[in-house]
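Every read-out reported here was derived from the displayed coordinates using simple, explicitly stated rules and does not represent laboratory data. What you see is a predicted model; the values in this text were computed from it and never measured. Every residue, glycine among them, receives a Cβ derived from its backbone with ideal geometry; neighbour counts consider all protein chains shown.
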Amino acid sequence: MFTRILVCLDGSDGAKRALAAAVRMATEQGAELLGVSVEEGLPHYAAMVGEVEEAKLQANEYFARVQQEAYDQAKLAGVELRTVTLVGHAAQRIVELASAERSDLLVLGHSGHTGIWGQFLGTTADKIVRHAPCSVLVVR
Amino acid sequence: MCPRGEALAEAMDNQYTIAAIWMGLAFVAAMLAGWTGISVSVLEILVGVAAGNFLHLGTNTWIVFLAGFGSVLLTFLAGAEIDPSVLRRRWRETFSIGAIAFFLPFLGVMAFAYFVAGWKFHQAEIAGIALSTTSVAVVYAVMVETGFNDTDLGKVILAACFINDLGTVLALGLLFANFNWYLLAFVAATAAVLPVAPRLTRWVIANTKGRISEPEVKFVFLMMLFLGGLATAGGSEAILPAYLLGMVLAGVFMKERVLVQRMRTTAFSILTPFYFIRAGTLVSLPAMIAGLALILAFLGMKVVTKFIGVAPLTVAFGIPRREGMYTTLLMCTGLTFGSISALFGLTHGVIDQRQYTILVTTVVLSAFVPTLIAQQFFKPDLAAHIAEDATRREAIPEATD
């Protein structure tokens, strides 16, 4: 039924459950699997380029580790996982990528790393469900 | 105050307690930065505003020194972040956009402060300098978020920001200098040190690498403080040689990432918090409220003068309209050098606290407002730029970085 699955990877427990579900579905349905991470914690209105660079380096290292773990997990199940890392507003970037990649299913965890804004504005999952161009599976 | 209260106040009035209070504020700002995604520098200013207005947090001589050293190190690191290859490769665009982005706001805001706001001449000069800046870091953060930091357009904008800030630093360092023998000594020492600084620094690094006592960091501090001391003696400003030294060492720092990281750690952990918190404590909330109209007028002047200068140049260099608006709006941002210039004016008795408040508030607003407009309404098509850059590199292979 689904041929192009996009799974959100942020290293949280919710995202790990989402990855397990996505890998299972990709195996069952022979679908392509793409993993996306979004670096959204980079400082806005910084005083030094170094402030942004350091934050970006740390984020790059963290997501490289998360994506390597996800790749290994998918490989064990016989699925080839492609990964991509974006920078910016998580929900916006994921929705844009789902459109650009013509994904037909977006899989994500119910609770990720949403910080203080999530308490006021809703979680990334809420926003993706509202704006996604395809079906969305929110894994609890 | 009751005798017990006085005794407690006296017991708490020691340098460790004072340092603990300032570090506590820096810690609060760092935690808020992590939660909100706003940079720690802006939050340190805001925490400083709250502490200065509600807790009446004062300063003393060593806090003033640490804050001053923080601003000098911040300026040095800003200079060292320049990419010399882009300056060389696209010098026509970067120098003309950067120079005009400095001169027009400087003259326009200065004229507005003098003729319309009724500020004295030197006060108007400080206003012009503080609002002539472009924040390289704010621009860079936007570029990283939009993906433009790796495109040619992004690199030209960033390099132009450096030239713009060089104008600001030169103006601040020269307009208020005393033309005496010390200044002459400073000019001579700077002319002697800058050309050999990269070679000397490389030699120190090569011969002392890996030592736990960090001689290479101390050597860079030595040059920075030596030239800063001479500049201050000459009535100039220590940030001037710091920025120039940073620029000439940029090539060394691009290869020595560990050294950069150590200097940043020193800056962020102990020095810049004192600078930004102090900059915030000197802001008066009543003056901010009373001067709201003037703040908005100054912000408007900064944006209008940047537009008059930069927008036509973007057209002249064949930058498409949307990208031109994006470039111009990003050149309207400001933060570090704007606040440093305003603080220079206040601490040298050129401007008063009301004027300082108006300038710093305008500077902080200029970090937010143009950025939000640029990202919301004028974000260029990233995919098209990546494709265009690839085509250009295929056509002119030597243009590649």
Pairs, first within 9 Å of chain A (Cβ to nearest Cβ) in segment B:36-47, second in a strand (DSSP E or B) and crowded, with 24+ Cβ neighbours inside 10 Å, C-beta under 9 Å, six or more apart: none
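For every residue, the table says whether it meets (1) under 13 Å from the mean Cα position of the chain (by Cα); (2) part of a helix (DSSP H, G or I).
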site: B:Trp119; (1), (2): no, no
site: B:Ala124; (1), (2): no, yes
site: B:Thr134; (1), (2): yes, no
site: B:Ile157; (1), (2): no, yes
For the structure I just gave you, tell me whether B:Val109 is of a type in the set (Val, Ile, Thr), within 14 Å of another protein chain (Cβ to nearest Cβ), crowded, with 24+ Cβ neighbours inside 10 Å and in a helix (DSSP H, G or I). no
Counted residues in segment B:52-78 being farther than 20 Å from B:Ser284 by Cα, more than 14 Å from chain A (Cβ to nearest Cβ) and not small (Gly, Ala, Ser) come to 5
Residue by residue through segment B:168-186, note down the ones that are surrounded by 20 or more Cβ atoms within 10 Å (Cβ to Cβ) and in contact with a Gly (Cβ under 7 Å, 6 or more places away or on another chain). B:Phe186
Which of the residues that make up segment A:60-114 are out of contact with any strand residue (DSSP E or B) (no Cβ under 6 Å at 6 or more places or on another chain), among the hydroxyl-bearing types (Ser, Thr, Tyr) and within 12 Å of chain B (Cβ to nearest Cβ)? A:Thr114
Applying the selection to segment B:181-204, what residues are closer than 18 Å to B:Phe76 by Cα and of a type in the set (Val, Ile, Thr)? B:Val187, B:Thr190, B:Val193, B:Val196, B:Thr201
Among the residues of segment B:267-278, is any polar (S, T, N, Q), within 14 Å of another protein chain (Cβ to nearest Cβ), within 25 Å of B:Leu74 (Cβ to Cβ) and surrounded by fewer than 22 Cβ atoms within 10 Å (Cβ to Cβ)? yes
Picked from segment B:317-339 (must be more than 11 Å from chain A (Cβ to nearest Cβ) and not in a helix (DSSP H, G or I)), the residue nearest to the chain's Cα centre (by Cα) is B:Cys332
Based on this model, can you work out whether B:Arg262 counts as within 12 Å of chain A (Cβ to nearest Cβ) and out of contact with any helix residue (DSSP H, G or I) (no Cβ under 8 Å at 6 or more places or on another chain)? no
Does A:Ala31 satisfy being crowded, with 17+ Cβ neighbours inside 10 Å, over 16 Å from the mean Cα position of the chain (by Cα) and free of Cβ contacts under 8 Å to residues at least 24 places away in the same chain? no
For segment B:310-345, give me each residue that is crowded, with 24+ Cβ neighbours inside 10 Å, over 30 Å from B:Thr59 (Cα atoms) and touching a residue at least 40 places away in the same chain (Cβ under 8 Å). B:Val310, B:Tyr326, B:Thr327, B:Leu329, B:Leu330, B:Met331, B:Cys332
Mind checking whether some residue in segment A:20-36 is among the charged types (D, E, K, R) and under 30 Å from B:Thr371 (Cα atoms)? no
